[in-house]
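Every number here is computed from the coordinates shown, using simple stated rules; none is lab data. Please read all numbers here as calculations on a predicted model, not as lab measurements. Glycine also receives a Cβ, built like all others from the backbone with ideal geometry; neighbour counts cover every protein chain displayed.
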Ligand code: DQA
């Protein structure tokens, strides 16, 4: 089974981007950690990142036939995107939402995520380790 890990805008610069908030690990480090957890449970990881909302929507469409589950950090689109939420509603497997920072501890505009309405659960504030934790939960849900 394949798990899609989708990352939204500005996360391509993870590691360089506001390290005091998001840490110094890169998206490649995230992929390595998640691939390792996946291997423990016979799950394959495909990680994707885009700065474009429509691209993320299209990857969710692709996941309908290609993925058993989705782990998504929609980044800033969490707080704005009905389009990503609607796409996720058409996906039949589990959806887990990850935020590196604790969005509830930050500015009020980060407290609401449209995507959470479709997520089995949300991990926020555990740094990049949140992705690997989500992978473990994905394994619990799928294996
Ligand atoms: C984020 C939190 C969002 O508010 C922000 O826009 C991001 C990253 C996080 O992982 O903590 O880009 O999703």
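Going by C-beta contacts inside 10 Å, put 106, 118 in order with the fewest on the left.
In increasing order of surrounding Cβ atoms, one gets 106, 118.
Roughly how many nanometres apart are two label points built 7 Å out from the Cα toward the Cβ at residue 107 and residue 51?
The answer from the label model is 1.8 nm.
Please arrange 28, 138 by counting, for each residue, the other beta carbons lying within 10 Å of its beta carbon, fewest first.
Lowest to highest Cβ neighbour count: 28, 138.
Along its principal axes, what span do the Cα atoms of region 2-142 show, with the longest given first and each in whole Å?
35, 30, 23
In what order do 140, 108, 2 fall by count of nearby beta-carbon atoms within 10 Å, going from fewest to most?
108, 140, 2
Identify the residues of region 71-98 with backbone N under 19 Å of a label point that sits 7 angstrom from the Cα of residue 10 along the Cα-to-Cβ direction, or state none.
72-82, 84, 98
First measure r as the distance between the Cβ atoms of residue 64 and residue 20, then evaluate 1/(1 + (r/R0)^6) with R0 = 41 Å and state the FRET efficiency to the nearest 0.05.
Computed FRET efficiency for residue 64 and residue 20: 0.60.
With each label point set 7 Å from Cα along the Cα-Cβ vector, what nm distance links residue 36 and residue 140?
Taking the two extended label points, one gets 2.1 nm.
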